[in-house]
Amino acid sequence: MAEDVQMKRIGEVELDEVNPHLRGRRVENHLGKTTPSSPDRDSNLDLPVLSSRAQHDKRVSQLRHRGGTSNLRTPETWRSCKFSSQSGQPPVCRWSTHPPLSQPLPGIPPPVYASLKDEHHTTQVTTLSNGLRVASENRFGQFCTIGGIGKVELVELEEVNPHLRGGRVENHSGKTTPSSPYRDSNLNLPVLGSRAQHDKRSTTEFADKDKILYELEKHGGICDCQSSRDTFVYAASANIHGLDAVTRVLGEVVLRPQIAISELEGTRTAINFELETLSMRPEQETILTDMIHAAAYRQNTLGLPKICPSENLSKIDQSVLFTYLKHHHTPERMVVAGVGVDHDTFIESVSKYFLDQKPIWEQDSGLVIPTPGLAIDKSLAQYTGGVVQDECEVPVYAGPSGLPELAHLVVGLEGFPHQDPDFVPVCVLNMMMGGGGSFSAGGPGKGMYTRLYTNVLNRYHWMYSATAYNHAYMDTGLFCIHASCPPTHVSEMVDVVVKELVAMAGMIGEEELNRAKTQLQSMLLMNLEARPVMFEDIGRQVLATGHRKRPSYFIDAISKVKKDDIVRVAKKMLRSPPSVAARGGINKLQSWENIQAGLLHHEGKIPGNRGRLSLFR
């Protein structure tokens, strides 16, 4: 009882000996004010101080009720504060249920501290006996990212299935053969990519995708598969101690998949849903990317659509897919890359699951369609230029977005392959053009000072987006500007885009060039901080060239880009025939011939148009 009284009196403190000006029940802080009742008294209490102390006293009281105690109220502390209202010494309290922090916790393993050592950040590349390349780079951390990257080239599959085409997998220039007089125009490369994304593929070792995910979850792993116009990428990230298990999963998915009928039907359903969603979305970038490639590479290689036509889904069966895998998932066309792994350990695991164990189509030849004359066509992409347009109603955003119905336009020029000496200058040019949407978040580093912002979006209120893109491949490239506006301003939008393309070969300021170079260097280094991005960089470079160039190489190359380099690559691109893709309300779209004439004019003037654009029309 006496202890409770003492605990309650903690808040009743006489501060005579601390400060003679602090007295009474309403203690106040020092603002120089006095009151009749206390001439020396200040007028405002420092409430946060007493409030904090009151909270502390409440916590101490709660600790007593729970059986715990505190050693904060030691005799030395009490006497140093000169609390005259307490005649007796407060009880000394100690924790009784928790160990002190000065001692190691029982049952916890001792920490393993990182040691200082000289790390050599070099990418090691080894070619196995079957031609498979293994590339890796060690990196500090407890997790690793590994995966396989396969090359997608041109394949003549007319003897396999006349309906299988597209996405740079086959070379279809309109020819027909007696065996397939009605060949369709699209391979279903997206079927494989979508199937891998949705189903993760059952394999000979794993009955279904749940077994694969369960195996990865043991090591904190995740997986992904992506398909592009020129590569397939299978990747997984997991704890470094699960390297062998994850490599096993990767080998099973790539070389020994079991394509069940139920999985194939599920993938067809998923792709149909995605196609329906794509047609109802206001965003048109995916469709326009296919359209601009179709215009730039008419009826060949990269011009074949990546989006799967719905009529082809029912024509793709297990034998067709296995035949495709047999001819594309071959060792000489693949690279297995890893980040954060020991190279020798990685080679051992890869050899076990990619070299010693055979692919499923070699174990069972009945899975594939007999194709004695089937061969991979290594034709180069042929840039043609042209126009692809689709006059339709583009969906609008639901709700009060403020965005009207938009018409979309893409104007492209032939660019440079990623191994071309002018690849780095055109990347700097792309960064200098920049761009974005009218509702893009601003701020430093967001591209608000790029040309398509300062010259287009900030000047023409009816322009809702303007963005530059640079697509680079092994044997070609495509540089383009994507813009959108209401259908009533389509003609003016063409003028604006053409003028900006022509202005690339004009006067270039030193400040904007340095800003673009700095932004490109920053983006490169920041992206490579992510382990999956670094994995893809290693895999793609080794697949294309057999080795990897260090980031320092590109940083140095970017810093050496001059104004003359930008002007030179811009003039070279402007000499190529334009590629035009348009979708939406485009009845006012100008002809391809007029667009080409405007690009060849030194000021970008299109024949028959008014000389000056109004900012307010």
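The values are calculated or read from the model by the stated rules, or taken from the named source; none is laboratory data. Since we're looking at a predicted model, the values are computed, not measured. Please note: Cβ atoms are built from the backbone with ideal geometry, for glycine as well, and neighbour counts cover all protein chains shown.
Total residues in segment 280-313 satisfying the condition of being in contact with a helix residue (DSSP H, G or I) (Cβ under 9 Å, 6 or more places away or on another chain) and over 22 Å from residue 481 (Cα atoms): the figure is 5.
For segment 119-153, the set of residues classified as more than 25 Å from residue 237 (Cα to Cα) and either free of Cβ contacts under 8 Å to residues at least 12 places away in the same chain or among the polar types (S, T, N, Q) (or both) consists of 129, 130, listed by residue number.
Of 360, 369, 316, which residue is buried (at least 19 other Cβ atoms within 10 Å of the Cβ), over 20 Å from residue 205 (Cα atoms) and touching a helix residue (DSSP H, G or I) at 6+ places or on another chain (Cβ under 9 Å)?
Working: 360 fails: over 20 Å from residue 205 (Cα atoms); 369 fails: buried (at least 19 other Cβ atoms within 10 Å of the Cβ).
Every option except 316 fails the conditions.
Selection of segment 269-288 for residues being farther than 25 Å from residue 303 by Cβ and surrounded by 14 or more Cβ atoms within 10 Å (Cβ to Cβ) yields 270, 282. In segment 566-584 there is at least one residue that is among the polar types (S, T, N, Q) and not in a helix (DSSP H, G or I). Taking each residue of segment 548-560 that is touching a residue at least 24 places away in the same chain (Cβ under 8 Å) and assigned to a helix (DSSP H, G or I) and looking for partners that are surrounded by 16 or more Cβ atoms within 10 Å (Cβ to Cβ) and of a type in the set (Lys, Arg) with beta-carbon atoms closer than 6 Å, six or more apart or interchain, yields 558/517.
I need the helices (runs of 4 or more DSSP H) fully contained in segment 218-315, keeping only those with at least 2 residues that are modelled with pLDDT of 95 or more and closer than 30 Å to residue 364 by Cβ.
Numbers: elements: 243-255, 261-280, 285-296.
Fully inside segment 218-315 and qualifying: 243-255.
Note on segment 569-594: residues that are farther than 19 Å from residue 410 by Cβ and either under 31 Å from the mean Cα position of the chain (by Cα) or buried (at least 16 other Cβ atoms within 10 Å of the Cβ) (or both) total 2.
Kindly indicate the residue of segment 473-494 that is of a type in the set (Val, Ile, Thr) and farther than 18 Å from residue 594 by Cβ and also surrounded by the most Cβ atoms within 10 Å (Cβ to Cβ) among those meeting that condition. My answer is 476.
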